[in-house]
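Contents: one structure, followed by commentary.
Just so it is clear, none of the values below were taken in a lab; they were calculated from the coordinates. These numbers come from a predicted model, not from an experiment. Ideal geometry is used to build each Cβ from the backbone, glycine not excepted, and the neighbour counts take in all protein chains shown.
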Amino acid sequence: MSADDHLVRAGFACFVGRPNAGKSTLTNALVGQKIAITSTRPQTTRHVIRGVLHRPDAQLVLVDTPGLHRPRTLLGQRLNDLVRDTWSEVDVIGLCIPADEQVGRGDRFIAGELGGLKARVVAVVTKTDLVSRADLAAQLVAVSELAAFADVVPASAVTGDGLDTLTDVLVSHLPESPRLYPDDMLTDEPEQVLIGELVREAALEGVRDELPHSIAVLVEEMFVEGALTKIYADVYVERQSQKAIVIGARGSRLKEVGTKARQAIEELLGTKVYLDLHVRVAKDWQRDPKQLRKLGF
């Protein structure tokens, strides 16, 4: 056995919870780099994105899943299947419940769904920075009464409070194993998928109420020319009227989207980026198996 093969605690964890429980923000905070897109819009996350947390004694691989919801489209059903597949494959699951909202039906439903799995389930009380100590204490009691959790951990992705403890707790439930990924690797998602997600996040800013799930992004071409990375991407919507919303008056909205996405992509790649965006209509793509395949679902 070589030095690289010595056993540490290594395995997979994912955060689950109802929409906006702070799952993606927590994943990003733990990995220390923005790898999962975050937004206040339910079902923003569509791809399973892994972030890898490296420690001398452990390797924690975080898997990001879409939120579980009542599906109304083929896309919705596929997302739910993806969630359940992921749950069955991880070693530990963190059920996220916000500190500033009462434990509700959605939390009870998900806690029930997690009941029969082989993974250890840890309750994570998120957004602790938004409540007083007394309210947090009351919420911790309410959450621990929800199910027989392996642990209950309060944390704030915004202030960083409790993140070290949370990491320790998650790691303690991982099996002994050789390291699963190289030390310098933070995510195994192809760059193009991450770039598509950053464009989609920028495109959703400010139009969330009008087009929550109707936007998909496909990076058509990406190449390096000198010191510049050139990216050509298509933003797909379902109807002509949505196309007008994304483009905005005289293209102002799309220009804003391009600027915001380009800055985020430059940060991700560490190079100067030229970004060319086109908005295309793919009629009712969320319900069309062929279109879903093309767009990567």
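If you count the DSSP beta bridges with both ends in the chain, what percent of them are antiparallel, to the nearest 5?
Numbers: 18 of 50 bridges.
Among the beta bridges of the chain, antiparallel pairing accounts for roughly 35 percent.
Hey, what's the Kirkwood Rh for the range 191-294 if you take every pair of different alpha carbons, in angstrom?
Numbers: mean 1/r = 0.0719 Å⁻¹.
With all distinct Cα pairs of the range 191-294 included, I get 13.9 Å.
Full extension of the chain between residue 177 and residue 105 yields a length gain of 22.2 nm, computed as 0.36 nm times the residue separation minus the alpha carbon distance.
Listed by chain and number, the aspartates and glutamates whose alpha-carbon sits under 20 Å from that of residue 290, ignoring those within fewer than 8 places in the same chain, are 81, 220, 234, 238.
Which order do 130, 60 fall in if you start with the one that has the fewest other Cβ atoms within 10 Å? Could the numbers behind the result be given before it?
On the way: 130 14, 60 23.
Starting with the residue having the fewest Cβ neighbours, the order is 130, 60.
Relative contact order of the chain: 18 percent, from C-alpha pairs under 8 Å at least 6 residues apart in sequence.
In this model, which of 23/118; 23/260; 127/243 are farther than 31 Å apart at the alpha-carbon? Kindly include the intermediate steps, with their values, before the conclusion.
Details: 23/118 21 Å; 23/260 23 Å; 127/243 35 Å.
Checking Cα-Cα distances, 127/243 exceed 31 Å.
Subtracting the Cα-Cα distance of residue 271 and residue 147 from 0.36 nm times their residue separation leaves 39.9 nm of extension gain. Normalised Debye scattering of the range 3-177 at q = 0.10, 0.13, 0.19 Å⁻¹ gives log10 I(q)/I(0) of -0.35, -0.60, -1.31, counting only Cα atoms as equal scatterers and leaving out solvent.
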